[in-house]
Structure formats: structure tokens, C-alpha cells
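The values are calculated or read from the model by the stated rules, or taken from the named source; none is laboratory data. Just so you know, these numbers come straight off a predicted model, no measurement behind them. Cβ: placed from backbone, ideal geometry, glycine included. Neighbour counts: every protein chain shown. Remember, those area values only see protein heavy atoms, side chains included, never the ligands or the DNA or RNA. Shrake-Rupley method; radii C 1.70, N 1.55, O 1.52, S 1.80 Å.
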Amino acid sequence: MSLTRKSAAELAALMASGEVSAVEVTQAHLDRVAEVDPKINAFLHVDAEAALEQARAIDARRAAGEELGPLAGVPIAHKDVFTTIDMPTTAGSRILEGWRPPYDATVTRRLREAGLVILGKTNLDEFAMGSSTENSAYFPTRNPWDLSRVPGGSSGGSSAAVAGYVTPLSTGTDTGGSIRQPAAVTGIVGMKPTYGGSSRYGLIAFASSLDTPGPFARNVLDAALLHEAFSGHDPLDSTSIDAPVPPVVEAARHPDVAGLRVGVVKEFAGEGYQQGVLNRFHDSVELLESLGAKVVEVSCPSFTTALPAYYLIAPSECSSNLARFDAMRYGLRVGDDGTRSAEEVMALTRAAGFGPEVKRRIMLGTYALSSGYYDAYYGQAQKVRTLIARDFEAAFQQVDVLISPTTPTTAFPIGERADDPMAMYLADLCTIPANLAGNAAISVPCGLADEDGLPVGLQIMAPVLGDDRCYRVGAAVEKAFESRWNGPLLKEAPAL
Amino acid sequence: MTTTTTLMPYDEALERYEPVLGLETHVELGTASKMFCGCATTFGAAPNTQVCPVCLALPGALPVANEKAIESTIRIGLALNCSIASWCRFARKNYFYPDMPKNYQISQYDEPLCTDGYLDVEVDGTVVRVGIERVHLEEDTGKSTHVGGATGRIHGADYSIVDYNRAGIPLVEIVTKPIEGADRLAPEVARAYVTELRELMRALGVSDVRMEEGSLRCDVNVSLMPRGSSEWGTRTETKNVNSLRSVERAVRHEIERQAAILSEGGRIVQETRHFHEDTGTTTSGRSKEEAQDYRYFPEPDLVPIAPDPAWVAELKAALPELPSVRRKRLQQEWGVSDLDMQAMHNADAIDLVEATVAAGAPPADARKWWMGELARRANEAAVPLSDLRITPDQVARVCALVASGALNDKLARQVLEGVLEGEGTPDEVVASRGLQIVNDEGELSRIIDEVLAANADAADKVRGGKIAAVGALVGGVMKASRGKADAARARELILEKLGVSA
């Protein structure tokens, strides 16, 4: 079997036993990048030489008898929203085209410390705003299952790269579903850790109170290994939680749900949900029951107001976070011809450098924070946020985890929702509550929709710092489905 | 465009209108590192050398609050008799300006750390209680320099350059409640408030409060209401008034300017005004009539501040003696009059005198030298007393030399001059300038004999009982010894030689 078909854990074992070198593993994946990426456009930047250099360093350290981490030498693709000192960092925006950060994000630093080999930076919706990766200022990424469809977003480059066997692992960020939704529509595993469980330092901010770095992988254990590698307290991020990382790897190795109480969120069904998605969700419920879980229906009435609340809070924060892109210190500068004032240059640069979705959200947020509107919009949205957190708390009094479809539909065709922001926003309907409350949530594959044969994701939500529950339940579902399917769902994907 | 500003004489203005003041003071804290990152805060470093991803607002960088700055702010609040919030948050104040890297300032909005206190200040022997509305913590901006153009302001400049060393330095904003009833003493009250605040900061050790370096900056709000009215007028805010004297002058000028406008039926424009040190006048800056919308919202990158009440109590118990209390104590210890104490206070001499006394000088001597000869020298050089090149220890040494009889006052002045001119310590100056009092009896006797011989008339008068005439003879001895003789001993010897008992 080709090295690119192997999981991260398998590759790590092969390298640890000396059967293959990190250079061989890296070269195999770089070859795959060259072969497949022209079709899926997952990467904004690939640095083959730097990747091989990192791999050589790992091999040298291993040869010297150094004790290496469990993912040393494993390739990874890194969402281009994390700063990297040795690669450009654009956040998918023209306003940062070619920017070379002078510092590494904490997540980047921890990837390096874990010995992961960074192949390159993946495409995303500009500033992580979107659900299709079509809002990238550079090009859209394509879904390996169907090249005419989106790979989800905003972390679509990362999901497509993993689903396309270009890399076993990738990083993402999840503000309203930007890891779970792309994972669901590409048939892979994507985890949003508890807010504050993974550091935001060096993550180019979209919405500070929601942004959460997390892992993508083709199986639950790999995701847990990556989760563990880059998570944990960071003194450079005040909102990072000063507590041990939940035992996610151990949980992924114990796929057992017997006696577990599982709540089905009543509100996430009905109109707007594709029948094939609902069918696969019902399969999942039955599967969990067959594994000994006690499944009950749970009502979370505030969840229906999560989407509007999110579209006030996230744009409000982004309107402020993106103010720093002003042409003064870095990035694009337009109109600086010696006759214009600083204010004019700022305005011209921002007009030219931001795409339409980013501008839309800056406008929305600026409005929502304006004096006279603040209480009605931002203030009200914060109250909704509190209600959602209370719904979660009440639900977790009754059950150990909550489940729902990850996203109401399978991957939609490129261009279908590009001019319909509301339709685009609905892709995050089920994922947003966990962001607003800061909970942990994972998406694992649960089959193919009957109508279109495209992958469907099951979302498993756990309480704050209950990340290990997501992995335990996710691993159980994965194991049971894979035995039913005779292998992973991805084997159904067309060859690229 | 130039406009002539009409002023109404101060007395007339006060006859017709009553001023209401408000003071907003920004104090740069003297923490070793910045408010939200680890960068150094050294004043005067080469531009843009004390910067990092956080204070330059590079994409992805995040703030972490400086605990020492929070502690200092709480101590300031406690010293100003404020309530300390048990839970509060930072907020973002959003506006675009090139010297503000994030294009928002991390500040505090409706949840300040300290609220509702007061500071008592003394003006002309009367204690005025100035209410404190709030004390909050924020970060400073970078510093823009506008190059070209006549005024140094952005208007008319060829280009601007920005130094981000200052960006992110912790800044405490102290806002008074409206100060009513100060009446014609309003300018003095404003000055006394800022003076007292500055001393408080120094006593707390939280800032070097150097107005000329901008580590203490004051915005002065003034409005007038007609006598008999209780409805406040429209206020103006005069920015960055950079000395104590300017605080007083700015208030006075605004009173005279606004009174002239109001008396002609005009309307005060709510605006920011700039104070000009050279002319003592203010000119119009940015209009605030179209109120800027700062879109404040709670800072999501920082967790709330929730000071432990036990910690706050500890800080309160450990507050140093406050300046007004200390002044009262010192006044008693030194046994000086209200007037003398006030003079020392105004001259910023209290610390210096105290240090000199601590170095062993009698309080009266320490005060005499600092407020006399040294104050005169400082005044001539137009520098603050504390900038003179002499230490309290050295002044104490001069006092000791006088007390021991090794120097007289005249020689002591020469020693002080030598020290100020960098000739070394008092002892070194005495040695190098040869300023020892002549206490060799043989030498003194020889000089007296010469003087008596040269002034036979005066000697005869003394012999004849006119003791007062001895003064001229002593003067002659001092002159002949070039001031080095001990005048008292010379007098004794002269009288002895002339056979007169005093």
C-alpha cells in the first residue's frame, strides 16, 4: 500500500521501526501534492525543499537516538491563517499577499516541536469567513469526491488535502463550523476543541471569542494525536485554559459507548435538511443504540436563535479585528503616491484588499456595534449566547453527549451559493451553538447520502473540557461503521 | 487662516460667569514592560526599537495584561479613596489613526477598575475636595511626528513618521467629577489638583510623572455658566497641557475666551482645543459636535479582571504615607510656618529638604540653603531644583561644615557654586578653592594688627567706648582675609587688643 494511503499513526510506527525514513514519507506526499493538487487546489503555498529539510532533520535526530514525539516525521498541511516564520501567511486575502511573518503561531511552534513536517499552507475562505472556500482571494478549492463541488469551509484546503490523500493530517480553525462542516462534506474527521483548549496566538483573528484551532484527519485516533500535539495552555493567549489537555488519545483508543447517555438535539431536523443527511443521521442513532448507548431526545430551544446571534457577534468582533489591516505597517498598500493622506491610503487599500464577504461582515459588525444599535444587536446577541450556554448545561445534566447532523446538506456545487449569503450561512446551522458556548464538538463520517452519494457527517458535542467524550464516541461510531462498510468511507471516493 | 481671539478681562469674566472644571489626567505607569507585551518601556530609546508582534499589532498577535499595571492602578484608586471593582473588563475603543497599531485602543469603558473617590487639595489655605469619577487602565498610542509645515501639526506637514516605542505603554486615566464652586480660584484649583496628583503618583512610586516627557498629561475641560444659573454651559477640552503652570494658564485663558464669546451672545463650540505654551492661548482642534462613535465592546482577547478582595485589602494596608499627610508631619517636625511649607511645596523642595535632613542637616539649615541660594541658582538657570547638580547629601555636608565653624555662610555659597559647577564634592571644592576659614590665631592676629594700624580712627572710636565701630574693623579683617576669617573670633580678638570688654 502506498505511503500516502496510510494513517498518521501507521506512518509514525513505520518510521519509528526504521522501515521508512521521514524523507521517504515526505517525498511520497510531495509527489502526491504534485499529482493531485492541480485538480483540487488545496494549497496556497508548498515548500518542498523546506519540507524535505525538516524530514532530514527528523531522520538525523532519530539516527542519533533522540526520543521523538508520537507524530515525528508525519507530514501535515497547515491552514494559511496561522503565522509561519518560514512561509508566507495570507489568510486567503489579497491584503496580506506575500506577507512573511516574523514569528510562528503557538500552534505552528508546537507542530515543529512535535516533529511534524509542514508540507505547505492550505487554502481557506478569506479570513476564515465562509463555508465553501470560494471566498479565497486566490482560487476555490475542489472537493475530492466531486471536483465540481466545494470542500466546505473555511478550512476547505485542509479538508480537501486530507480527503484527497495528499496529507494524513492538517490543521483548521473553527469559528462557526469551519472544521466540522468541511470534514463532514469531505468524509473525514474534524474536531473543534473546547474554546481556549488550543492557543490562538498567531492565528489571524476572525472572531476572537469563537476562533478555535483544531485537527483534521482520516480517522479519529489520528485526529486525537494531532489534537494532543498542539493543544494545551499558552501564556501568550489570555483566553487559553490553564488546565491539562483532556485525555483525547486514550479516549480514541477506547471506542466504547455502552451505557453512555446520548441526546439527539430535537431542533436540528426538518425543513432545510437534505433527506439523505437525515437518513444517515438516523442510521447513526440506531448504530449507537446497538452499541449499548441510551439515546434520548433533548430540546435545546435557544439553538434556533444561534445563527442570527452568531451573525452579530462574529462580524462585530471581525470589524474590530480587521481594523489593523491599514497599509501602515505590513501587507498591501494602495494609492501611496505622495499626494494622498494616510486616511485615503487606508481606505483605498482596504477597498482593494478585502473581498466582498469580508466587507459585508465588517459592515454588519460596524453597524451592530454602533451607538444606538449596540443594545439591540450586539447586546442582545450576547444574551442569546448565555441562553445557548444554559441549554447546553441543562442538556448535559441529562446526557453525556449531544448529537446532530454536522451540516444540513452534502457538499454543494461550486458557485451555487456564492451569491446567496443566507444560503451559505445555513451550512453552519448545527455547528454554531458549540462555538457560542465554547463546547467541544467533532464531526465523523456516517455514510453517503442516498440522493448524491456524497459523504455525511455526524456531529458529537460534549461539555467544555469534555473533548475526550467526542473522541470516545467518535471512535466507537467509526469502528462500528467501518466494520459495516468493510473499511473507511473514503474508499468510496473516486480515485484522483 | 488667522482669527483674532477676543478675551474678556479675568475679573469681569468672573463677575458675570461661574466656571465649571473637569480634569482628565493620563499617567504613564513606570512598569518595566508594556501593558500587553514584554517590550521595554525605556524613555528616549531609538525609534521603533522597543516593539514586538503584539505592540505592532501584527496579524495573529494577542495581548496579555500586565499584572503590575493592574496592581498600580488599584493602588492609585485606593490612594484616591475610590471603590475598587470586584469584576471588570477591558473594552475596545475603535477608531482609525496611524499611530494606533490595532486601530483600536484597549481601554476600559463602562466597567472601570476604580470609581467614585476624591482628592483634597489646598489652595490659599482652603481645602478643596475634588471628586474622582473614575480611574481606569488603558494603553498608550505610538507617537507621530509631522515633518514639514510650520506648526508641527499634521495639517500642512509634508509627511509623518511614527515611533511605536510608546505604543502599548500602560496608561492610567484619572477623571474628576465636575468641579463646581472653585469660582475665581478655578485656575489655581486646577493647578493644585494636578500638583497633588503628581505627588501622589510619586509617593506611590507608580510613575516618574514627568510632564515634559509626557508621562503625565492633562486635558482641561472648562465651561461657564452665567451667575445665578445652575445649568452648565457647553465645555471645551484643552489637550495635552504639559506643565503645572500651563494648567493654570489654560483654565484662565478658556475662562477669558469663553466669557467674551458668551457676552456677545455667541455659542461655545464643543471641541478639542490645543494649548500653546508660548502664548498661553488655545486654538481650535477637532470638533466633537459630531461625536465620534468609538463602538466600544468588551475586549474578547482578555479575560475579566477580578481582583481578590483580600489582595486589595493588602494593597490598601501597604499604601505609603500620602503626600498631604506627610507634609503635615514634616511641617510639625521641622517647626516651619504654613507659609514656609507652602513655599517649599510650590518650589518642589520638600523631598530635597527631607533628604538633606535625613543626611544629618538641621531642618532650618537644609531649608535655608534649598530655598535660598540653591533656589536662586535654579531660577537663574530656569531648571527645577531637583535638576541642580548637587545632592541632598552634599548640601548636608555643607551645613555640617558651617556648623563646625570650618565655613561661614559666604564661603559656603562659594562651595555650593563649586559643586554646581562640577568641581567635585564640598570637601574637594573647599580644598581646591582654598576656602578654609582662617582659624590659625597667629595668622588672624597678624591680619588684625595690620587692619588696626590702617584704621587708627576707627580703633580710637572703639577704645573711646563706641563699640559699634568695631563692625568696620571686622569688615576690614574679612576683606583682608578674603572672607576666610571667622568673623566672631576676629571681633573678640579686636576688642581684646583694644582693651575693651564687650
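Just the residues that are open to solvent by 20 Å² or more (accessible area, probe 1.4 Å), within 30 Å of A:Asp391 (Cβ to Cβ) and within 14 Å of chain B (Cβ to nearest Cβ), please, taken from the stretch A:288-329.
A:Leu312
Quickly run through the stretch A:364-376 and pick out the residues that are within 11 Å of chain B (Cβ to nearest Cβ) and not small (Gly, Ala, Ser).
First, the residues of the stretch A:364-376 that are within 11 Å of chain B (Cβ to nearest Cβ): A:365-374.
Once the filter is applied, which keeps residues that are within 11 Å of chain B (Cβ to nearest Cβ) and not small (Gly, Ala, Ser), the stretch A:364-376 yields A:Thr366, A:Tyr367, A:Leu369, A:Tyr373, A:Tyr374.
Residue by residue, here is whether (1) in a helix (DSSP H, G or I); (2) of a type in the set (A, V, I, L, M, F, W, C) holds:
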{"site": "B:Gly424", "(1), (2)": "no, no"}
{"site": "B:Val430", "(1), (2)": "yes, yes"}
{"site": "B:Gln436", "(1), (2)": "no, no"}
{"site": "B:Ser445", "(1), (2)": "yes, no"}
{"site": "B:Val451", "(1), (2)": "yes, yes"}
{"site": "B:Ala458", "(1), (2)": "yes, yes"}
{"site": "B:Val462", "(1), (2)": "yes, yes"}
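Take the residues of the stretch B:169-193 that are within 30 Å of B:Thr41 (Cα to Cα) and among the charged types (D, E, K, R): which is farthest from the chain's Cα centre (by Cα)? Quick ask: steps written out before the conclusion?
Step one: filter the stretch B:169-193 for residues within 30 Å of B:Thr41 (Cα to Cα), giving B:169-176, B:190-193.
Then drop every residue that is not among the charged types (D, E, K, R), which leaves B:173, B:191.
Working: B:Glu173: 18, B:Arg191: 10 Å.
Only one residue fits best here, namely B:Glu173.
Kindly evaluate B:Val383 against the criterion of being of a type in the set (A, V, I, L, M, F, W, C), open to solvent by less than 70 Å² (accessible area, probe 1.4 Å), at pLDDT 95 or above and under 18 Å from the mean Cα position of the chain (by Cα). Walk me through how you get there before you give the answer.
Numbers: of a type in the set (A, V, I, L, M, F, W, C): yes; open to solvent by less than 70 Å² (accessible area, probe 1.4 Å): yes; at pLDDT 95 or above: no; under 18 Å from the mean Cα position of the chain (by Cα): yes.
For B:Val383, the condition - of a type in the set (A, V, I, L, M, F, W, C), open to solvent by less than 70 Å² (accessible area, probe 1.4 Å), at pLDDT 95 or above and under 18 Å from the mean Cα position of the chain (by Cα) - is not met.
Quick test for you: out of A:Thr122, A:Thr106, A:Thr89, pick the one residue that is under 24 Å from A:Gly164 (Cβ atoms) and within 12 Å of chain B (Cβ to nearest Cβ).
A:Thr89
Yes or no: A:Leu44 assigned to a loop (DSSP other than H, G, I, E, B) and buried (at least 20 other Cβ atoms within 10 Å of the Cβ)? Before the answer, list the steps.
On the way: assigned to a loop (DSSP other than H, G, I, E, B): no; buried (at least 20 other Cβ atoms within 10 Å of the Cβ): yes.
No, not satisfied.
In contact with a Leu (Cβ under 7 Å, 6 or more places away or on another chain) and either outside the structural domain of A:Val473 (by TED's automatic domain parsing) or buried (at least 24 other Cβ atoms within 10 Å of the Cβ) (or both): which single residue out of A:Ala252, A:Ala243, A:Ala207 fits that description? Before you say what the answer is, go through the steps one by one.
Values: A:Ala243 fails: either outside the structural domain of A:Val473 (by TED's automatic domain parsing) or buried (at least 24 other Cβ atoms within 10 Å of the Cβ) (or both); A:Ala207 fails: in contact with a Leu (Cβ under 7 Å, 6 or more places away or on another chain).
On inspection, the qualifying residue turns out to be A:Ala252.
Can you name every residue in the stretch B:435-449 that is open to solvent by 30 Å² or more (accessible area, probe 1.4 Å) and under 20 Å from B:Glu373 (Cβ atoms)?
Residue satisfying the conditions is B:Gln436 alone.
Within the stretch B:35-50, how many residues turn out to be open to solvent by less than 40 Å² (accessible area, probe 1.4 Å) and within 14 Å of chain A (Cβ to nearest Cβ)?
Residues in the stretch B:35-50 being open to solvent by less than 40 Å² (accessible area, probe 1.4 Å) and within 14 Å of chain A (Cβ to nearest Cβ): 4 in total.
Look at the stretch A:204-225 and say how many of its residues are farther than 18 Å from A:Ala184 by Cα and more than 14 Å from chain B (Cβ to nearest Cβ).
1
Name, by its number, the condition in (1) in contact with a Ser or Thr (Cβ under 9 Å, 6 or more places away or on another chain); (2) modelled with pLDDT under 95 that does not hold for A:Met15.
Only one criterion in (1) in contact with a Ser or Thr (Cβ under 9 Å, 6 or more places away or on another chain); (2) modelled with pLDDT under 95 is unmet by A:Met15, namely (2).
With the condition being touching a His at 6+ places or on another chain (Cβ under 6 Å) and either at pLDDT 95 or above or away from every other protein chain (no Cβ under 14 Å) (or both), I'd like the strands (runs of 3 or more DSSP E) fully within the stretch B:214-306 carrying at least 3 qualifying residues. So that I can check it myself, show each step before the final result.
On the way: elements: B:216-226, B:236-241, B:271-276, B:281-287.
Counting at least 3 such residues, we get B:281-287.
Quickly run through the stretch A:93-119 and pick out the residues that are more than 19 Å from A:Ser198 (Cα to Cα) and free of Cβ contacts under 8 Å to residues at least 60 places away in the same chain. Walk me through how you get there before you give the answer.
From the stretch A:93-119, those more than 19 Å from A:Ser198 (Cα to Cα) are A:93-102, A:117, A:119; that's our starting set.
Hits for the stretch A:93-119 are A:Gly98, A:Arg100, A:Pro102.
Could you give every pair whose Cβ atoms fall below 9 Å, whose first residue belongs to the stretch B:179-199 and is under 20 Å from B:Glu212 (Cα atoms) and not assigned by TED's automatic domain parsing to the domain that holds B:Leu80, and whose second residue is open to solvent by less than 20 Å² (accessible area, probe 1.4 Å) and among the hydrophobic types (A, V, I, L, M, F, W, C), counting only separations of at least 6 or pairs across chains?
none
Against the definition (open to solvent by 30 Å² or more (accessible area, probe 1.4 Å) and of a type in the set (Gly, Ala, Ser)), how does B:Gly265 come out, yes or no? Spell out the reasoning first.
Numbers: open to solvent by 30 Å² or more (accessible area, probe 1.4 Å): yes; of a type in the set (Gly, Ala, Ser): yes.
Yes: the conditions hold for B:Gly265.
I'd like to check something: does the stretch B:416-427 contain any residue that is within 16 Å of B:Gly372 (Cβ to Cβ) and open to solvent by 50 Å² or more (accessible area, probe 1.4 Å)?
As a first pass, look at the stretch B:416-427 and keep what is within 16 Å of B:Gly372 (Cβ to Cβ): B:416-417, B:419-420.
Subsequent filtering for residues that are open to solvent by 50 Å² or more (accessible area, probe 1.4 Å) retains B:417.
Yes, some residue in the stretch B:416-427 is within 16 Å of B:Gly372 (Cβ to Cβ) and open to solvent by 50 Å² or more (accessible area, probe 1.4 Å).
Checking the conditions here, which among B:Ala458, B:Ala412, B:Ala472 is in the same structural domain as B:Ala364 (by TED's automatic domain parsing) and open to solvent by less than 80 Å² (accessible area, probe 1.4 Å)?
Numbers: B:Ala458 fails: in the same structural domain as B:Ala364 (by TED's automatic domain parsing); B:Ala472 fails: in the same structural domain as B:Ala364 (by TED's automatic domain parsing).
That would be B:Ala412, the only listed residue that is in the same structural domain as B:Ala364 (by TED's automatic domain parsing) and open to solvent by less than 80 Å² (accessible area, probe 1.4 Å).
Condition (residue is in a helix (DSSP H, G or I) and under 27 Å from A:Ile204 (Cβ atoms)) applied to the stretch A:66-82: is it met by at least one residue? Even if it seems obvious, please write down each step before you answer.
Just the residues of the stretch A:66-82 that are in a helix (DSSP H, G or I), to begin with: none.
Checked against the condition, which is being in a helix (DSSP H, G or I) and under 27 Å from A:Ile204 (Cβ atoms), the stretch A:66-82 yields no hits at all.
From B:Ser83, B:Ser107, which residue is assigned by TED's automatic domain parsing to the domain that holds B:Leu204, surrounded by fewer than 20 Cβ atoms within 10 Å (Cβ to Cβ) and touching a Gly at 6+ places or on another chain (Cβ under 8 Å)?
When all the criteria are applied, what remains is B:Ser83.
Read through the list (1) open to solvent by 10 Å² or more (accessible area, probe 1.4 Å); (2) within 12 Å of chain B (Cβ to nearest Cβ), then give the number of the only condition that A:Leu332 fails.
Checking A:Leu332 against (1) open to solvent by 10 Å² or more (accessible area, probe 1.4 Å); (2) within 12 Å of chain B (Cβ to nearest Cβ), the one that fails is (2).
Run A:Ala342 past the list (1) open to solvent by less than 20 Å² (accessible area, probe 1.4 Å); (2) within 9 Å of chain B (Cβ to nearest Cβ); (3) touching a residue at least 12 places away in the same chain (Cβ under 8 Å) and report the number of the one that doesn't hold.
Checking A:Ala342 against (1) open to solvent by less than 20 Å² (accessible area, probe 1.4 Å); (2) within 9 Å of chain B (Cβ to nearest Cβ); (3) touching a residue at least 12 places away in the same chain (Cβ under 8 Å), the one that fails is (1).
All but one of (1) touching a strand residue (DSSP E or B) at 6+ places or on another chain (Cβ under 8 Å); (2) part of a loop (DSSP other than H, G, I, E, B) hold for A:Trp99; state the number of the condition that does not hold.
Tallying (1) touching a strand residue (DSSP E or B) at 6+ places or on another chain (Cβ under 8 Å); (2) part of a loop (DSSP other than H, G, I, E, B), A:Trp99 fails exactly one: (1).
Please determine whether any residue of the stretch A:424-445 is assigned to a loop (DSSP other than H, G, I, E, B) and over 20 Å from the mean Cα position of the chain (by Cα).
Start the filter on the stretch A:424-445 by keeping residues that are assigned to a loop (DSSP other than H, G, I, E, B), which leaves A:429-431, A:438-439.
The next check asks that each one be over 20 Å from the mean Cα position of the chain (by Cα); those that pass are none.
No: the stretch A:424-445 contains no residue that is assigned to a loop (DSSP other than H, G, I, E, B) and over 20 Å from the mean Cα position of the chain (by Cα).
Report the residue count in the stretch A:258-287 for those that are hydrophobic (A, V, I, L, M, F, W, C), within 25 Å of the chain's Cα centre (by Cα) and over 20 Å from A:Thr409 (Cα atoms).
Here is the first cut: in the stretch A:258-287, the ones hydrophobic (A, V, I, L, M, F, W, C) are A:258, A:260, A:262, A:264-265, A:268-269, A:277-278, A:281, A:285, A:287.
Still in the list and also within 25 Å of the chain's Cα centre (by Cα): A:262, A:264-265, A:268-269, A:277-278, A:281, A:285.
Subsequent filtering for residues that are over 20 Å from A:Thr409 (Cα atoms) retains A:262.
Of the residues in that region, 1 qualify.
In the list A:Gly353, A:Gly372, which residue meets the criterion of being more than 21 Å from A:Gln181 (Cβ to Cβ), of a type outside the set (Asp, Glu) and modelled with pLDDT under 95?
Values: A:Gly353 fails: modelled with pLDDT under 95.
A:Gly372 is the lone residue from the list that is more than 21 Å from A:Gln181 (Cβ to Cβ), of a type outside the set (Asp, Glu) and modelled with pLDDT under 95.
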